[in-house]
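Notes for the one structure printed next.
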Amino acid sequence: MSGLSIETGNLARVVDAQLTGSGERMVTDVIHDSRQARDGSLFVAIRGATVDGHRFIDDVMRRGAAGVISELDAPEGFSGDWLKVADARIALAYAAKAVQGDPSSEIDLVGITGTNGKTTTTYLVFALLEAAGRTAAMLTTVEYRIGKDSEPAVRTTPEASDTQRFLRKAIESGCESAVMEASSQAIDLHRCDGLGFRSAVFTNLTRDHLDYHHTMENYFDAKKKLFDGRLGEAPETSIVNVDDPWGRKLVEDIRADGRKVITTSQLSDADITAVNVEVSLLKGTSFELRTPEGSVSIDSPLIGRPHVYNMLSASAVALDLGHGLDSIVKGLSTCVGAPGRFERVPSDAPFAVIVDYAHTDDALLNTLKTAKDLAEGRIITVMGCGGDRDKSKRAPMGKIAGEYSDLVVVTSDNPRTEDPVKIISEIEEGLKESETPYLACTDRREAIHLAISKARPRDVVIIAGKGHETYQIIGSDKFHFDDREIAAEALEALEE
């Protein structure tokens, strides 16, 4: 894969750095991970929450790095080129952009943000691009994909240098378009700085990550940066769900600046709408898609009204990129969405088992409402909350589970360094507001087996919280754990 070769002196001007050294060293890559260091690397030393990149400077220089970007002064006797900057994360983004030759200017890049629906919408956009005959790439919570080639995702939104390198590789692989999730924390940490988005999508905003953002206003402001030009240039088109109150506020702000907006809705007038929505646990979802280009009937394997919002957003992206309604119908009819998003576990049992990533109160509400609309029997819900994360959603999630379930098995998610019993007790505060019976079981495997053993014909078992994840974090240890595998194991045990 080729990037550009740039002298450190030129990069110092790009990132507004104070240069110590000759400025003549050639840079062929920008890195934040010392393990990627090789001849020509420029290492950006970032002081993270748990690890300080400055610890690895000697190591990267031994590996042939051209120099270092840092917020600190050069140490005495440093032998390479040192670029001192005001903010290392911003410098990482713009240095990588320069070295990779600004790849987002050569590709239609779509960014998707919001609390819920980012991953599914990303998969849908990718499917619609493929249906239109375009070679595409995507960066999601689940995987990083270029055409047919895929690798597991490291994080929802990669560090800026990894994204720039990925986009250059996508272009060299023949991709004309790319779609990526943009999480609020990633935006706040400058991982999306310097990217030129053709389209940006806002799905919704509900309570999550308040341990990081503290207030909903701060959370919204982080998302808004994707649309208002604070990351560089504002996107050419903003696509916004106006059934969400924060979406309506965003539209007002964007329009006040005179920029293009496409609105989506299931409940009111908008540019792109869905009417006559019908949902079936066995058949999926159908509706009439109404757009400025005309109306078409959609039949999708995805289940639930929340997915209709995702399909509206993806359709808006496709239309904005110039693709026709025929390719939208084709793409939506075949895309099964993202793994672990209302995913049914295959079984001949007389009841359904659904695995869903719902890990916020709003996501759990949407999932359980969908199940309630479809179930002929009871709703049995397995749920928990992650440790060392936003505690404010625990009681609300317990309350929602109680209100929309007939039986709740409350258990561990990723407890991390917190006591699972304490986490469960905080969820129980909300659960106790309803009269719904519940069972507490700290062992998630046992909890899933217990819930499935309680199921009767026509019931729906919802296993919420981890979705596509294939691990569980207990203490500081990470173990293989897949809700879908455990559910299949429990279903098989019933047949024995």
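A few comments on the model shown:
- At 1.567 mPa s and 4 °C, Stokes D of the stretch 357-496 from Kirkwood alpha-carbon radius, µm² per second: 88
- Angle in degrees between helix 361-374 and the longest Cα principal axis of the chain, rounded to the nearest 10: 40
- Zone residues, the stretch 456-472, relative to Leu494, backbone N less than 19 Å from point 7 Å out along Cα-to-Cβ: 456-464
- Here Lys330 and Ser173 are evaluated by their C-beta separation; at R0 = 25 Å the FRET efficiency comes out at 0.60.
- If R0 is 22 Å, the Cβ-Cβ spacing of Arg63 and Asn10 corresponds to a FRET efficiency of close to 0.45.
- Given Lys249/Lys393; Lys399/Lys466; Lys391/Lys432; Lys118/Lys249, the pairs whose alpha carbons are separated by over 22 Å: Lys249/Lys393
- Convex hull volume of the Cα atoms of the stretch 361-409, normalised per residue: 62 Å³.
- Where labels lie 7 Å past Cα in the beta-carbon direction, separation of Asp373 and Ser79 in nm: 6.6
- For Tyr144, the residues 5 or more places off, or on other chains, whose built amide H falls under 5 Å of its own are Glu151, Ala153.
- In order through the stretch 56-70: 3J(HN,Hα) via Karplus (6.51 cos²θ - 1.76 cosθ + 1.60), integer Hz, x for Gly, Pro: 9, 4, 4, 5, 5, 5, 5, 7, x, 4, 6, x, 9, 9, 8
- Remark on Val409: its backbone amide H falls under 5 Å from those of Thr381, Val382, Met383, Leu439, a criterion applied only to residues 5 or more positions apart or on other chains, H modelled at 1.01 Å from N.
- Distance-filtered residues of the stretch 296-325 - backbone nitrogen under 11 Å, label point 7 angstrom along Ser286 Cα→Cβ: 297-300
- A crude spin-label estimate for the pair Asp253 and Glu236, with each label 7 Å from Cα along the Cβ direction, gives 2.4 nm.
- Normalised contact order of the stretch 96-228, rounded percent, pairs of Cα under 8 Å and 6 or more residues apart: 36
- Across the stretch 111-174, Cα-Cα pairs more than 21 Å apart make up 18 percent of the total.
- Counting neighbouring beta carbons within 10 Å and listing from fewest to most, the residues Arg165, Arg198, Arg341, Arg63 come out as Arg63, Arg198, Arg165, Arg341.
- Remark: relative contact order (the chain) = 11 percent; criterion is Cα-Cα distance under 8 angstrom and separation of 6 or more residues.
- Degrees separating the helix 444-454 axis from the principal Cα axis of the chain, which is the longest one: 20
- Per-residue Karplus couplings for the stretch 298-310, computed as 6.51 cos²θ - 1.76 cosθ + 1.60 with θ equal to phi - 60°, are listed in order as 10, 10, 10, x, 5, 10, x, 4, x, 5, 4, 4, 5 Hz, Gly and Pro entered as x.
- Dimensions of the stretch 103-334 along the principal axes, based on C-alpha atoms and rounded to the nearest Å, stand at 42, 40, 34, largest first.
- Whole-Å distance, taken between Cα centres, linking the stretch 98-130 and the stretch 234-260: 18
- With a Förster radius of 25 Å applied to the beta-carbon distance between Asp443 and Asp348, the computed FRET efficiency rounds to 0.40.
- Cross-link reach list, lysines versus Lys148, counting only Cα pairs under 17 Å and skipping chain neighbours closer than eight places: Lys169
- Across the stretch 1-143, C-alpha contacts under 8 Å between residues 6 or more apart give a mean separation that, scaled by the residue count, equals a relative contact order of 22 percent.
- Relative to the longest principal axis of the Cα atoms of the chain, the long axis of helix 88-99 makes an angle of roughly 70 degrees.
- Couplings 3J(HN,Hα) of the stretch 394-406, computed from phi: 5, 5, x, 5, x, 5, 5, 4, x, 5, 10, 10, 9 Hz, in residue order, whole Hz [Karplus 6.51 cos²θ - 1.76 cosθ + 1.60, θ = phi - 60°; x for Gly and Pro].
- Of all DSSP beta bridges in the chain, antiparallel share, percent nearest 5: 40
- P(r), alpha carbons of the chain - 20 Å bins starting at zero, rounded %: 23, 52, 24, 2
Laboratory data are not the source of any read-out in this text; all were calculated from the coordinates shown. Every value quoted in this text rests on a predicted model; they were computed, and no experiment measured them. Because the Cβ atoms are built from the backbone with ideal geometry, glycine has one as well, and the counts that use them run over all protein chains shown.
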